[in-house]
1. Calculate how steeply helix 115-129 sits against the longest principal axis of the alpha-carbon atoms of the chain, using the helix alpha-carbon long axis, and give the answer as 0 to 90 degrees to the nearest 10.
2. Note the full-extension length gain between residue 219 and residue 128 as 0.36 nm times their separation in residues minus their Cα-Cα distance, in nm to one decimal.
3. Between 238, 254, 72, which gets the highest mean-square fluctuation from a Gaussian network model of the chain, Cα cutoff 10 Å?
4. In whole Å, what is the distance between the alpha-carbon centres of segment 43-80 and segment 160-228?
5. Rounded to the nearest 10 degrees, what's the angle between the helix 62-72 long axis and the longest principal axis of the chain, both from Cα atoms, 0 to 90?
6. Name all residues of segment 192-231 having a backbone nitrogen under 14 Å from the label point set 7 Å from the Cα of residue 168 along its Cα→Cβ direction, giving them as ranges.
7. Normalised radius of gyration for segment 115-201, please: alpha carbon Rg relative to 2.2 N^0.38 Å, two decimal places.
8. Identify the residues of segment 128-163 with backbone N under 16 Å of a label point that sits 7 angstrom from the Cα of residue 34 along the Cα-to-Cβ direction, or state none.
């Protein structure tokens, strides 16, 4: 077992370590405008010192998250493409991981549909309903960068999709109930993100969080406590699935409301600074309870 994952064995045997943090990235741990996470670094370092796992749960691709994990010095599993797969380091200490398909130095617990199936369904819906939608597969790297605000290198990673397709639609009214019924009737889901619609298999972030917690709970006799941080509608299922949901303010004027969970904490600060605020308060609350 590598040093990078040795901490999971330690984590599951101490009191503070029963805490698991699931977090969205864009607009949450990363600022919406500039993708900066530096305002959250003190909280990230604190969680690392306490050996509390930080598990990204995002619409981003595995390639994007692998790149970001290196920059953030994260070593835990992560959830990609809106719950389409849970990605584990290849030497993650769980026997089930050895049965999963390999992606480089990682193992994939696939919960969604293959990318070719996604593109085939999107092509079918375009033809069936004459939808003028424009997906990442239709864009070059420069176009992805233009629509996302990412740099060229990051935009290239965003285009390396395995399980879902973000797309633009000129008029939301085009996405009619008939279109939605067509997707769901064929085993697909359409999510509304902050910038794009996302077509994926019949899964979501909440399902992926539940599967991850199930596997992690098999490593300990302790009851795990989960915190989830997100900023938008496509985080709803993740936030419902965790013990302690947090809505991070996306902008001074904009904050997503989660009516299903009256216990949700809404940050005052925006983006990465809001993430820092929430983690500080949650850790303080745990220390007071202990």
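None of the figures in this text is laboratory data; all of them are computed from the coordinates on show. Everything numeric here is computed off the predicted structure, so don't read it as measured data. Heads up, the Cβs are rebuilt from the backbone with ideal geometry, glycines too, and the neighbour counts pull from every protein chain shown.
1. Here the helix axis deviates by roughly 40 degrees.
2. Details: separation 91, 0.36 × 91 = 32.76 nm, distance 4.79 nm.
Contour length minus Cα-Cα distance gives 28.0 nm.
3. The residue that fluctuates most here is 254.
4. Their Cα centres are 19 Å away from one another.
5. 40 degrees
6. 195-197
7. Details: Rg = 12.7 Å, N = 87, 2.2 N^0.38 = 12.0 Å.
Compared with the compact-globule rule of thumb, segment 115-201 sits at 1.06.
8. 149-151
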